[in-house]
Structure formats: C-alpha cells, structure tokens
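Asker: Take a look at the following structure, please.
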C-alpha cells in the first residue's frame, strides 16, 4: 500500500488491498475501486519502485523575455542534480523556446 502505480489507462496511489478489490486514489483525488480479478489482468507499472526517473521539461517564453529569470532555474536544476546524483544516474533535458509570434506579426 502507498505505491504510486499506472494500471491500464489510469494511475494513482494504492490505498487499500482487500480480498475482492483494490482501492486506488487518483491524482485528482477520486477513489477508484478495482475488482482484483480485473486488476490482476491489467498491465501494471509501479513508479514507487523506480531507481531513477527521466526529467524532460520544455519552457515556452515570450520573445522579449530576458535571460535573467532562467539563471535561477539553471542554478536550482544543478543543485537538484548534485543532490540526487549519488543515488542514481540522471538524464535531464531542458529546452527553452522563444515565442516567434511577435516576429511573425511584425512582417
């Protein structure tokens, strides 16, 4: 109990395993009751038991945004990577896109 899992097309935290059913709390706080005979036939991914997780983030900003706000993001990212790097291998990817709508509308 307490594991975060993906099952079928749903995901959530296992709250209670009973003889006939399993209760799962979804991210939107809904409580699902899944019959164990159905649950046992589903593909199940247990995210709690992962040793690592990939982080891929894309930031979209307006064209006129200066680089100053992103210096803090980079510093925070580096300190996070250093804090967990001894526990597992890390794959981080960050893309920053400048909005080109202003450039397109000026033509």
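Values in this text are rule-based calculations from the coordinates and carry no lab data. Source: prediction; values computed, not measured. Cβ placement follows ideal geometry from the backbone for every residue including glycine, while neighbour counts extend to all protein chains displayed.
Asker: Ranked by Cβ crowding within 10 angstrom, fewest neighbours first, how are 64, 38 ordered?
Answerer: 64, 38
Asker: State, as an integer percentage, the relative contact order of the stretch 4-49 based on alpha-carbon contacts under 8 Å between residues 6 or more apart.
Answerer: This gives 39 percent for the stretch 4-49.
Asker: Per 0.36 nm of contour for each residue apart, how much would the distance between residue 23 and residue 75 grow if the chain were fully extended, relative to their Cα-Cα spacing?
Answerer: Separation in residues times 0.36 nm, less the Cα-Cα distance, equals 14.7 nm.
Asker: Gain in length, residue 45 to residue 65, computed as 0.36 nm per residue apart minus the alpha-carbon separation, to one decimal in nm?
Answerer: 3.2 nm
Asker: Still on this structure, please answer the following. Over all distinct Cα pairs, what is the inverse of the mean 1/r for the stretch 4-49, reported as the Kirkwood hydrodynamic radius in Å?
Answerer: Every distinct Cα pair counted, the radius reaches 10.5 Å.
Asker: Going by average Cβ density within 10 Å per residue, which order do the peptides 3-15, 39-51, 21-33 take, highest to lowest?
Answerer: The most tightly packed comes first, giving 3-15, 21-33, 39-51.
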